[in-house]
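All remarks here apply to the structure that follows.
Read-outs: derived from the displayed coordinates by stated rules, not from any lab. All values reported here derive from a predicted model rather than from experimental measurement. Here Cβ is always computed from backbone atoms with ideal geometry, including for glycine, and neighbour counts include all displayed protein chains.
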Amino acid sequence: MNRPSDDILDEIDRRVIKILQVDGRRPNTEIARELKVSETTIRKRVAQLVSRGLINIVAVPTPRAAGMNVSAIIGISVTLPKLREISEELKRQREVRYVGMSTGRYDIIVEAFFFDQQHFLDFISSRLSRMDGITSLETSMILDIVKFSYEWEIS
């Protein structure tokens, strides 16, 4: 059975991505040596993966590095004609790291990070409460992050 990634990535691409997931700063020469190909092959593969939008190589600071010590998941119900407008407004909020339109209990699911509980309260009571079209919300404060990963299994 073909996986969707079979049409996009070959075996070398998948192996390069797996290596870079562990250490995005790993030199091309080391990757080439491990995969038994030339450094030029690796350099070109990485450049193509980036230009095709299949990988990003960036430093991702943790929320804690930015002073954001409180995280929360917020389920939001909205009047459906306002769904995209509210999603776009949420996307512009600096605290918000994830916005997903969903089916089920909530129309929008948000993950957001805050400096402290007061910041969280201000966000909900001052900003969310002013967004026309939000009918209700439910917040869940994250007590402990057990896993926070950007790794995807590409097999």
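Key figures for this structure:
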{"item": "If the convex hull is drawn through the Cα atoms of the range 63-142, its volume per residue in Å³", "result": "78"}
{"item": "Contact order relative to length of the range 63-142, as percent, for alpha carbon pairs under 8 angstrom and 6 or more apart", "result": "47"}
{"item": "Size of the chain as Cα extents on the principal axes (Å, biggest first)", "result": "57, 36, 25"}
{"item": "Cross-link reach list, lysines versus LYS147, counting only Cα pairs under 28 Å and skipping chain neighbours closer than eight places", "result": "LYS18, LYS91"}
{"item": "Karplus (6.51, -1.76, 1.60) ³J(HN,Hα), θ = phi - 60°, over the range 67-79, in Hz, Gly and Pro reported as x", "result": "x, 8, 9, 10, 10, 8, 9, 10, x, 10, 9, 9, 6"}
{"item": "Backbone HN-Hα couplings from phi across the range 116-126 [Karplus 6.51/-1.76/1.60, Hz, Gly and Pro as x]", "result": "7, 5, 5, 4, 4, 4, 4, 4, 5, 7, 9"}
{"item": "Cα-centred dipole magnitude for the chain, charges only on beta-carbon of K, R (+1) and D, E (-1), debye, nearest 20", "result": "460"}
